[in-house]
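Below you'll find the structure, written out as structure tokens, and then a few comments.
The values are calculated or read from the model by the stated rules, or taken from the named source; none is laboratory data. Source: prediction; values computed, not measured. Glycine gets a Cβ as well: all are built from the backbone with ideal geometry, and neighbour counts include every protein chain shown.
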Amino acid sequence: MLRVRRLGRVVFAALVVLACCSFTASVTSSAPGSSVRLTPLLRGLPELTYLATTPSEQGLLYVVERRGVIVVAVGGRVVATPFLDIRSLVSQAGERGLLSMAFDPGFGSNGLFYVDFADARGRIRIARYTARNGVADPLTRRDLLVVASPSPFHNGGQLAFGPDGLMYVSIGDGGIKVPAICKKRRLRRCRLILDPGNAQSLATLRGKILRLAAAATGQAAPRIAAYGLRNPWRFSFDRSTGDMYIGDVGLNRVEEVDVLPRGAGLANFGWSVWEGRLRRPHAAADVNPAGTLVWPAATFTHKGGNCSIIGGYVYRGTAVASLRGRYVYGDYCSGRVWSFKPDGSRATAVRLEPIRIPKLVSLGGDDAGELYAVTDAGTVFALR
């Protein structure tokens, strides 16, 4: 669910050669003084995409399966009855599936939560459900947002509530585009367009971070908070500052971490004119002038087997002293994990952490600020 190769397939590989670079800070080849380690909590689950917790239920982990199921785990065991099962509604073509969830800030009293999934027609659907007695009621579903999808790729997929009480949604640029002549003539062989041109256009919701009022009773009118993004697969808010951190998946050269400060106006992160800080040779003449062009806080290249950034969290827990106040993120193919110390919208003291998480697809945080990691191989880890 992370990137499109020339043949239109997702390449999953775990390589082990060290390589990384940043335009804003040098990266150490090791992590002196870092004591972070991985503690396995769950194994053998179906392909996973996300993990969430709620402050009203200490010790419970809500684990999202791509096929359309959310299970609850407590004490290293999965509860027999799924929290939510919408397999009949979910498409898993390409990078599609049930991609994430978010609990309403008032979940403890109102039971509301939200999911991001691709429906049977491939559309990105943001829906609200109500949970009763520890299980979601499928009859309570209300669709808040439906976005047409031109291809099975670059869906984005993150939901999260911001410090302003609004819900934020990441939508990818749509990935490949099939030329009209190919559709008309039903050509089996056709040169696909890898950049559909959505990210710089404010006339489409593709390639954007959106904000919307989740309390809406019907489909909500979203507003664009940021654009110029390729596939913002994971983003999060720093619980201390309210700043948003976005992991945006690149094309062939650069992966990037973007920062949207709390209260900032409309931001343009540059894709598809820029990939990281590299101008693309066949890009449009210039970026859309609306808002402010914002450069990435940190980047890394594809050298050594890196392929797709997995955006993470600013660590505000207590279990790992060496990570406190640092933004933690990783890479899907190599399994490497990095962290940096934020300085406004800049990354400082970037370092490679002494852990590997092969097939990492998401990091998750709990109300205490502790971090977890999930893989599409079906494993859940705690960072300790």
Margin query: With the structure loaded, tell me whether LEU84 is touching an Asp or Glu at 6+ places or on another chain (Cβ under 6 Å) and either modelled with pLDDT of 95 or more or basic (Lys, Arg) (or both) or whether it fails that test.
Written below: no
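Given the options ASP367, ASP286, name the one that is out of contact with any Asp or Glu (no Cβ under 7 Å at 6 or more places or on another chain), of a type in the set (Asp, Glu) and over 27 Å from ALA199 (Cβ atoms). Before the answer, list the steps.
Values: ASP286 fails: over 27 Å from ALA199 (Cβ atoms).
Unique residue meeting the criteria: ASP367.
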Next item on the list: Scan region 81-94 for residues that are in a strand (DSSP E or B) and β-branched (Val, Ile, Thr) and jot them down.
Entry: VAL90
Next item on the list: Out of the residues in region 269-289 that are within 21 Å of the chain's Cα centre (by Cα) and not in a loop (DSSP other than H, G, I, E, B), state the one that is surrounded by the most Cβ atoms within 10 Å (Cβ to Cβ).
Entry: GLU275
Notebook entry, point to check: Has region 300-307 got any residue that is within 19 Å of LEU371 (Cβ to Cβ), buried (at least 17 other Cβ atoms within 10 Å of the Cβ) and at pLDDT 95 or above?
Noted result: no
Next item on the list: Residues being buried (at least 16 other Cβ atoms within 10 Å of the Cβ), over 19 Å from GLY247 (Cα atoms) and of a type in the set (Gly, Ala, Ser): count how many of those fall in region 121-172.
Entry: 6
Next item on the list: From THR204, THR217, grab the single residue that is in a loop (DSSP other than H, G, I, E, B) and modelled with pLDDT of 95 or more.
Entry: THR204
Note to self: Being farther than 20 Å from GLY330 by Cβ and surrounded by fewer than 23 Cβ atoms within 10 Å (Cβ to Cβ) is the requirement here; does LEU266 meet it?
What the structure shows: yes
Check: Here are some conditions: (1) assigned to a loop (DSSP other than H, G, I, E, B); (2) crowded, with 21+ Cβ neighbours inside 10 Å; (3) at pLDDT 85 or above. PRO196 meets all but one. Which one does it not meet?
Finding: (3)
Notebook entry, point to check: Restricting the search to region 65-80, which residues are part of a loop (DSSP other than H, G, I, E, B) and touching a residue at least 60 places away in the same chain (Cβ under 8 Å)?
Noted result: ARG66
Notebook entry, point to check: If we keep just the residues of region 343-384 that are in contact with a strand residue (DSSP E or B) (Cβ under 6 Å, 6 or more places away or on another chain) and charged (D, E, K, R), which is farthest from GLY276 (Cα to Cα)?
Noted result: ARG384
Checklist line | Residue ranges of strands (runs of 3 or more DSSP E) in region 308-366 with at least 2 members crowded, with 24+ Cβ neighbours inside 10 Å and of a type in the set (A, V, I, L, M, F, W, C) | finding: 309-314, 336-343, 346-356, 360-365
